[in-house]
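A short write-up of the structure that comes next.
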Amino acid sequence: MGNEDNVAVSLADLTKGEMVRLENGREIAIKENIRFGHKFAVRQIGKDQNIIKYGQIIGKALADIDVGELVHVNNVVSLRGGRKIEKL
């Protein structure tokens, strides 16, 4: 996790209320269940702010995201240029 990062990737399934220790020694409370491999906020992220993972901007917040909350398609728009898929 880089110094600029505002998200981290879960290396295990995390449970709401669980405390986790980040690489820098800081501890945060998990606000909702987060599955292995999913991102969660390690800093407060305001609406329209960049989502930064491994020092790279990967998206923009669609809403305010609190520390310990899941960071996923429900609250982030990706800037990684994936394919658009139309639902039928």
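Only the coordinates and a few stated rules stand behind these numbers; no lab work does. In this text, all values refer to a predicted model and were calculated from it rather than measured experimentally. Ideal geometry is used to build each Cβ from the backbone, glycine not excepted, and the neighbour counts take in all protein chains shown.
Among residues other than residue 26 whose Cβ falls under 13 Å from its Cβ, what is the net charge (Lys/Arg +1, Asp/Glu -1)?
-1
With point charges of +1 on the Cβ of Lys and Arg and -1 on the Cβ of Asp and Glu, referenced to the Cα centre of the stretch 7-78, which listed residue (78, 25, 46) lies farthest in the positive direction of the dipole?
Checking the options against the dipole of the stretch 7-78, the answer is 78.
Among residues other than residue 8 whose Cβ falls under 13 Å from its Cβ, what is the net charge (Lys/Arg +1, Asp/Glu -1)?
Net charge in that neighbourhood comes out at 0.
Please report the net charge: other residues with Cβ closer than 15 Å to the Cβ of residue 65, K and R +1, D and E -1.
Summing Lys and Arg as +1 and Asp and Glu as -1 gives 0.
Taking 8 Å as the Cα distance limit and 6 or more residues as the minimum spacing, I'd like the relative contact order of the chain as a percentage.
The value is 28 percent.
With each label point set 7 Å from Cα along the Cα-Cβ vector, what nm distance links residue 43 and residue 3?
1.1
If we count other beta carbons within 10 Å of each Cβ, what is the order of 35, 80, fewest first?
Ascending number of Cβ neighbours within 10 Å: 80, 35.
Work out the length of the dipole vector of the stretch 7-78 about its Cα centre, built from +1 on the beta-carbon of each Lys and Arg and -1 on the beta-carbon of each Asp and Glu, and round it to the nearest 20 debye.
Roughly 140 debye for the stretch 7-78.
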